[in-house]
Structures are given as C-alpha cells and as structure tokens.
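Notes follow the structure.
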Amino acid sequence: MVKAAITGLSHYLPDYILTNDEIATMVETNDEWITTRTGIKERHILKGEGKGSSALAIPAVRDVLEKTGTAPEEVECLICATSSPDYAAWPSTACVIADALNIRGAMCYDILSACTGFLYCLQQAQAFIKSGIYKKIIICSAEKCSSFMNPKDRTTLPLFGDGGAAALIEPSEEYGVEITKIHADGAGNDHLIHVCGGSFCPPSHEAIDKDLHYIFQDGKYVFKNAVTFMTSAVSEVMEEGHLTLDDIDWICTHQANKRIIESVREHCNAPEEKVICNIDHVGNTSSASIPIALHEAAQQGKLKKGDRILLAAFGSGFTWGSIYLTWADCKI
Ligand code: UT7
C-alpha cells in the first residue's frame with residue numbers, strides 16, 4: 001500500500017542566539033527559573049528589517065530541493081505550516097516561498113494549525129499521495145514567533161524561538177506515514193490567542209495600547225491540556241496499530257516544555273534514550289519544532305532507514321495529534 005515518505009529533510013535556525021541571561025535583562029526572571037520550569041537555555045531569533053517567516057523556510061526548502069536533486073518545476077504542491085505568516089492575510093507564505101525558489105504553477109497554501117501544523121501538513125500530504133493526485137510535495141514550517149512576543153511579558157518571552165524546516169514527501173511502498181490521528185477543539189481558543197492583526201481585531205492604536213498584537217497564553221491551563229491531549233492521541237495511535245513500546249524506536253513530540261515532553265515519555269513507559277529532545281537550544285518554534293528536532297536527530301546519525309517513530313503535537317485552538325511513521329531513505 002502506498003505511503004507518504006519523508007525523502008528529504010532540512011531545517012534552518014537564524015544566527016542570533018537569545019540566552020536566558022539576556023532575557024533576564026529584559027524581564028524579571030533568571031536562568032534557573034527558565035531552565036527548571038521549561039528546559040530551555042537559549043533560542044534563535046531572526047533579526048533585521050523586512051524579513052518574515054518565509055526567510056526561515058526558504059533556506060530549508062532550497063536545501064531539500066538540492067539534496068534530493070529535485071528541480072523547482074517538479075514540485076506539484078507546497079504546503080506551509082505557519083502561525084506567523086509574512087502577511088496577515090494575502091498572499092500566503094507558501095506563495096512567497098514558492099516565488100523565492102522559482103516554484104511556478106504548483107498548488108501552494110498555508111496551514112494555520114499552530115504548533116500541530118507539521119502534523120496537519122503530513123496528514124494532508126499523505127492524503128494527496130494515497131489518492132495519487134501528487135507525487136512530489138514540499139511541506140514546510142516557517143515560524144518567526146519573536147514577531148508577536150511581548151518583550152515585557154515574562155510568562156511568554158522565554159518560551160518561543162524562531163525557526164524553519166522543510167521536507168520532501170514522495171510515495172513509497174515500503175516506508176512512510178502509517179497511522180495518523182489529528183484533532184481540534186475550538187473550546188480552547190481563548191487560552192492561547194493572538195487577538196490583533198486579523199479581521200476580528202484589525203490593527204488600531206487602541207488594540208496596540210492594550211498589547212493585543214502580542215500572544216496571550218494561560219500557561220498552566222495550556223500545559224495541562226497539552227499533556228492530556230498529546231497522551232490521548234498517542235494512545236489512539238498505539239491502540240489502532242496494536243503497538244507496544246517495542247514497536248517504537250523514537251518518540252518526537254512538539255518542543256513546548258521539557259516537563260510536557262517528559263509526561264508523554266512516562267505515558268509511553270519509554271526510556272529517555274528513545275526521546276528526541278532539542279528544546280534546550282531551540283525553544284518552542286511552534287509548527288517547526290518537530291521537523292527541526294527530527295532533522296537534528298538525523299544529522300546526529302540517530303535515525304536509520306526503517307526506524308519506527310511516534311510523533312505528537314499540541315497547540316492553539318486547541319489542535320493536537322499523533323502520527324506513527326517509518327523512516328524512509330531520507331536525504332539530509
Ligand atoms: O506550544 C503551544 C503549547 N504551549 C505550551 O504547551 C506551554 C504550556 N505552559 C507552560 O509551559 C508553563 O505553564 C509555563 C512555562 C508557561 C509556566 O510554568 P508554570 O510552572 O505553569 O508556572 P506558573 O505559570 O504557574 O507560574 C509560577 C510562578 C508564578 O508566580 P507566583 O504566582 O507563584 O508568585 C509566576 O508569576 O512563576 C512566576 N513566573 C516566573 N518567574 C520567573 C512566571 N514566569 C516566570 C518567569 N520567571 N519567566
């Protein structure tokens with residue numbers, strides 16, 4: 001049965017590193033609090049004028065095209081997961097990325113599913129591959145989270161970083177996406193929200209005076225729900241596949257908080273060696289966190305052809321899900 005395989009993967013992190021110590025000069029916090037409560041030591045920030053999230057995905061997509069020997073005209077579809085699009089509405093960040101890389105005529109669109117975005121992309125790519133509509137799909141994540149961080153809010157500023165990632169998805173009879181469980185429930189909307197900038201609250205002096213152009217997060221509530229929903233999605237996948245821990249080589253979850261990652265690991269009874277975690281030096285890069293973590297693990301030689309990987313993510317909406325896949329012959 002044909003599957004959607006990740007045949008190329010890359011990521012990009014901007015040069016500037018924002019350390020916990022530097023954050024402690026901006027808000028009342030310290031390295032010890034941030035490290036023990038989140039596991040984050042530093043995050044990358046995209047600096048400079050006139051650069052949107054696309055600047056983080058373009059290098060990753062270019063790298064994937066080069067490493068897999070794919071010409072821009074071969075790309076049939078480009079899906080970009082982003083919660084920090086270059087423009088509030090038009091054009092899509094996918095179209096900006098495609099233009100920069102001379103990808104012309106492909107179906108290009110954004111997915112706004114917050115931190116679960118890469119899993120949403122994978123499921124959609126799988127549907128296109130299975131239906132036979134497309135055979136070469138680029139999925140990417142572009143997240144300049146720093147553009148909506150309140151520099152005065154110590155409860156969100158330390159958490160998020162900027163980053164991008166990209167994957168080439170192609171059909172394979174052997175390896176690829178095996179099981180997907182993807183969900184959303186808008187009952188969580190108000191708990192992690194970026195109010196100003198869209199049509200509900202267009203930019204105004206009044207909205208900016210109220211800091212509505214920055215994200216708001218009810219951290220404790222989001223934390224509890226992240227653990228509940230990620231572990232339930234993992235259970236769904238494991239039940240459907242009749243999987244035990246022996247069927248899982250690697251667990252890679254959204255990198256939001258080391259303590260959340262730890263809860264998912266405990267839920268699976270997995271040893272620490274099976275968990276892919278890079279939150280210490282990347283922070284929370286929203287939809288880019290899973291592909292960045294996977295690519296770093298692949299670069300470290302951890303991921304081998306045939307490895308069985310369990311992914312899980314959770315984000316604003318709420319959106320959440322889990323995917324079980326087998327690692328293909330992936331160019332990195
Ligand atoms: O990616 C989307 C999904 N996002 C997530 O999954 C994030 C989920 N939430 C979290 O990761 C955690 O809730 C946070 C890291 C945001 C906060 O950790 P917490 O253990 O839930 O802390 P808290 O919000 O309960 O705050 C504990 C204390 C408070 O002080 P009081 O009221 O006990 O006096 C906060 O004011 O820590 C204080 N605090 C800080 N102290 C020093 C909050 N932020 C900071 C800070 N530095 N940066």
CD proxy, 222 nm, the chain: helix-only mean residue ellipticity via -39,500 (n - 2.57) per DSSP H run with n ≥ 4, per residue, nearest 500, stands at -9000 deg cm²/dmol
Under Karplus coefficients 6.51, -1.76 and 1.60, residue-wise ³J(HN,Hα) of the stretch 9-22 in Hz, glycine/proline x
8, 7, 9, 9, 10, x, 5, 5, 10, 9, 8, 4, 5, 5
Assuming 1.567 mPa s and 4 °C, estimate D for the chain with Stokes-Einstein, Rh taken as the Kirkwood radius over Cα pairs, in µm²/s.
66 µm²/s
On average, how much area does the Cα convex hull of the stretch 54-139 cover when viewed from any direction, in nm²?
5.3 nm²
Going 7 Å from the Cα of PHE148 toward and past its Cβ, which residues in the stretch 255-295 have a backbone nitrogen under 19 Å from where you end up?
255-257, 283-290
Among the Cα-Cα pairs of the stretch 178-326, the proportion with separation greater than 25 Å, in percent, is 33 percent
For 125-136, 308-319, ranked highest to lowest by mean beta-carbon neighbours within 10 Å, the order is 308-319, 125-136
List the GluC sites (Glu not before Pro) within the stretch 57-96 that DSSP assigns to loop and that have no more than 16 neighbouring Cβ atoms inside 10 Å.
GLU76
Sorted by chain and then number, the residues having a modelled amide H within less than 5 Å of the amide H of ASP307, at least 5 places away or on another chain, are TRP327
Give the long-range amide H neighbours of CYS108: residues separated by 5 or more places, or on another chain, with amide H under 5 Å away, using H modelled in the peptide plane at 1.01 Å from N.
LEU78
Taking only C-alpha pairs under 8 Å that are 6+ residues apart, what is the relative contact order of the chain in percent?
27 percent
Note, THR180: beta-carbon cut-off 13 Å, +1 each Lys/Arg, -1 each Asp/Glu, net 0
For VAL275, the residues 5 or more places away or on another chain with a placed amide H closer than 5 Å to its own amide H are ILE251
Could you work out the local net charge near ARG37, counting Lys and Arg as +1, Asp and Glu as -1, over the other residues with Cβ closer than 10 Å to its Cβ?
+1
Loop sites in the stretch 40-83: trypsin sites (Lys or Arg not before Pro), DSSP, at most 16 other Cβ within 10 Å
LYS47, LYS51
Place a point 7 Å from the Cα of LYS274 in the direction of its beta carbon; the residues of the stretch 206-250 whose amide N falls under 20 Å from it are 227-250
For the stretch 129-134, Karplus couplings with θ = phi - 60° (6.51, -1.76, 1.60), whole Hz, Gly/Pro x
5, 5, 6, x, 5, 10
Work out from phi, with θ = phi - 60° and the Karplus expression 6.51 cos²θ - 1.76 cosθ + 1.60, the ³J(HN,Hα) of each residue of the stretch 80-88, listed in order in whole Hz, and give x for Gly and Pro.
10, 7, 7, 10, 10, x, 4, 10, 4
At 7 Å along Cα-to-Cβ for each site, give me the label-to-label distance between THR36 and VAL2 in nm.
5.5 nm
Compute the FRET efficiency between GLU173 and LYS302 as 1/(1 + (r/R0)^6), taking r as their Cβ-Cβ distance and R0 = 30 Å, and round to the nearest 0.05.
0.75
Over its Cα atoms, what ratio of radius of gyration to 2.2 N^0.38 Å does the stretch 3-174 give?
1.12
What order do you get for 86-97, 189-200, 8-19 when each peptide is scored by the mean count of other beta carbon atoms within 10 Å, highest first?
8-19, 86-97, 189-200
Relative contact order of the stretch 3-174: what whole-number percent is it, with Cα pairs under 8 angstrom and at least 6 residues apart?
36 percent
May I ask you to compute the full-extension gain from MET107 to ASP218, defined as 0.36 nm times their residue separation minus their alpha-carbon distance, rounded to one decimal in nm?
36.3 nm
Show me the GluC sites (Glu not before Pro) within the stretch 165-209 that DSSP assigns to loop and that have at most 10 other Cβ atoms within 10 Å of their Cβ.
GLU173
Can you compute the modelled spin-label distance between ASP329 and ASN189, with each label point 7 Å from Cα toward Cβ, in nm?
4.8 nm
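Bear in mind these aren't lab numbers, they're just calculated from the coordinates by the rules spelled out. Please read all numbers here as calculations on a predicted model, not as lab measurements. For neighbour counting, all protein chains shown are included, and Cβ atoms are generated from backbone atoms with ideal geometry for every residue, glycine included.
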